[in-house]
1. Which order do Thr72, Thr325 take by accessible area at a 1.4 Å probe, largest first?
2. Show me 75-81, 284-290 ranked by packing, highest mean number of other Cβ atoms within 10 Å first.
3. Using the Karplus curve 6.51 cos²θ - 1.76 cosθ + 1.60 with θ = phi - 60°, work out ³J(HN,Hα) for each residue of the range 377-393 in order, rounded to whole Hz, and write x for Gly and Pro.
4. Using the Cα centre of the range 70-193 as the reference point, and only Cβ charges (+1 on K/R, -1 on D/E), how large is the resulting charge dipole? Debye, rounded to the nearest 20.
5. Which of the peptides 217-223, 94-100, 346-352, 448-454 is most tightly packed, and how do the rest follow, going by the mean number of other Cβ atoms within 10 Å of each residue?
6. Quick one: pull the percent of accessible area on the range 157-201 belonging to carbon and sulfur, 1.4 Å probe, ligands and nucleic acids left out.
7. Using a 1.4 angstrom probe on the protein heavy atoms only, line up Glu343, Glu306, Glu234, Glu239 by accessible area, largest first.
8. Using the structure shown, select from Lys232/Lys462; Lys35/Lys99; Lys268/Lys441; Lys73/Lys408; Lys222/Lys462 the pairs with a Cα to Cα distance greater than 27 angstrom.
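The values are calculated or read from the model by the stated rules, or taken from the named source; none is laboratory data. It should be emphasised that the depicted structure is a prediction, and the values quoted were computed from it without experimental measurement. Quick reminder, even Gly has a Cβ in these numbers, built from the backbone with ideal geometry, and neighbours come from all protein chains shown. Accessible surface areas use protein heavy atoms only, side chains included; no ligands, DNA or RNA. Shrake-Rupley method; radii C 1.70, N 1.55, O 1.52, S 1.80 Å.
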Amino acid sequence: MDVNDNPAEGGSEIPLLSNDSAPATKLEVDAVYRKVAWTLVPFCFATFFVCYVDRTNISLAAMDMSSDIGLTKSQFGMASSLFFITYMIFQIPSNEILKRVGAPLWLGILLIGWGLASSLTAFVRNVTDLYVLRLLLGIFEAGTIPGVFFYLGQFFPASRSSGVYGISLAGCAVGMAISAPLAAGFLSMDGVLDFRGWQWLFLLEGLPAIILGVGVMFYLPKSPESAPFLTKRERVILESDRTPSKAPVDGNLNGLLYLLRTVVMNIKLGVIVFCGLLFGTMRYVAMFWTPLWIDALVSGGGLDWEKAEATSHSSNSVQVALLSTLPYALAAFSTGLFGWTSEKLQDRTIHCFFLLLIGGLFFSLLPYLAGVDVALGFVALVCGHIGVNGIWGPYVSLQVSFMTEENKAFALAWMSTIGNFSGLFGPMITGFLADQTGSYKSGIWGTGAMTIVAGLAIIFVKDAVRENRGKGQVQLNLCRGGVRDHPHVSITFFNFLQSFLKLLIIFVLLPLCFYVNG
């Protein structure tokens, strides 16, 4: 796990605060961050892994469960979306609790809680039961992702965060990928002890979260200062590499006004949140509906589910679960890969731009290609997943680069809360359109177009880390394979490329769109 980057401003050494410590070299600083990453990131990866297994296993159980409890497409979309109501409401309160009691204890409680909620889904008997448990699952998962980001931010500065965020977030996509073949096995247990296959799926996939929750409570350190795996010198190195605080934040009116001014009223963060709303809709729709899309494809209906309904689901539910593995697996790979390349090249904005265009274009082409050939449709589905999932490392790092240590916990929770409106409305509207039209095409076209718009908008956001380094605030010293000896060449190239893309959009693409529509 390589998290090397430039340690601090002003050269290859970091002056330590301890009187009995010599200045730390870059190699020593990099070694400390590697040690921290190897210790913490696997747990963060595992947390995201079980989080997404329990959040999305409803999509793999949907075909058989729908027939047992009488779910329509609209009701399935509603069940997928209801999760996000409590998920959004409880994110900021959950993160504030985490700051007070510490990440290990609170994350452990959340893990145990959602593991129980997921396992209890095996015993639902009607749509109302399912709705209640999805709401409960949202309460416990609410603080997980922003909480983990805040926790990692205590150990890694913004310039080093893209890689560790990308690797941790890869757990989300790996969770989806691994859950697909696991689901195939659990679905094949249909009839064992008089349980349906989908019941085994929920019951057994909730248990790892409970076990991991106990481990997180007793293993993770609360902060760098209390980390038993760090020596005194290593703790000082981490403290010396942190960005100095700029303003105190207290719990009174002044603290609230500071958060509102630096987060809610921050125009750059607002643009990033807007882009997250747009492409997040596509991502959540793809997350919950991919198995049903594949079911329609392999049943010979293109993306018309009414044609797929004419084919018996009992013969292909396991096949669909196995086929779902590929797009989710490549999504996992792309999340880690582009988080790594983003950190190596010290670029976030241009990564986001191209990945959003890839995801949006391929998903927009999916309905057409699925009608031409099943294999072409499947390729478009896979490439779309690569785009909308590969963006997460550079996208989160872009968010964090505009935050301070004082507002980071609130900002992460606030941005995650707003961004998750896409999860609330996307799957629900997709289900409604599917019931009304007998096809998945309208929902895919709409969300694909939104993803393209997000890509065109995000290119106008400056990369804060690159901008600071261009001003000399932070020394750019990329790792192996990067532009180590000529940092300004890399800064100039990416600044030129971003400016060129903005001009291309303003003076070529927009006039072309007006001309075509006129």
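1. Largest to smallest exposure gives the sequence Thr72, Thr325.
2. Final packing ranking: 284-290, 75-81.
3. Each residue's phi maps through the Karplus curve to give x, 5, 4, 4, 4, 5, 5, x, 4, 4, x, 6, 9, x, 6, 5, x Hz.
4. 180
5. 346-352, 448-454, 94-100, 217-223
6. 70
7. Glu306, Glu239, Glu234, Glu343
8. Over 27 Å Cα-Cα: Lys232/Lys462; Lys268/Lys441; Lys73/Lys408; Lys222/Lys462.
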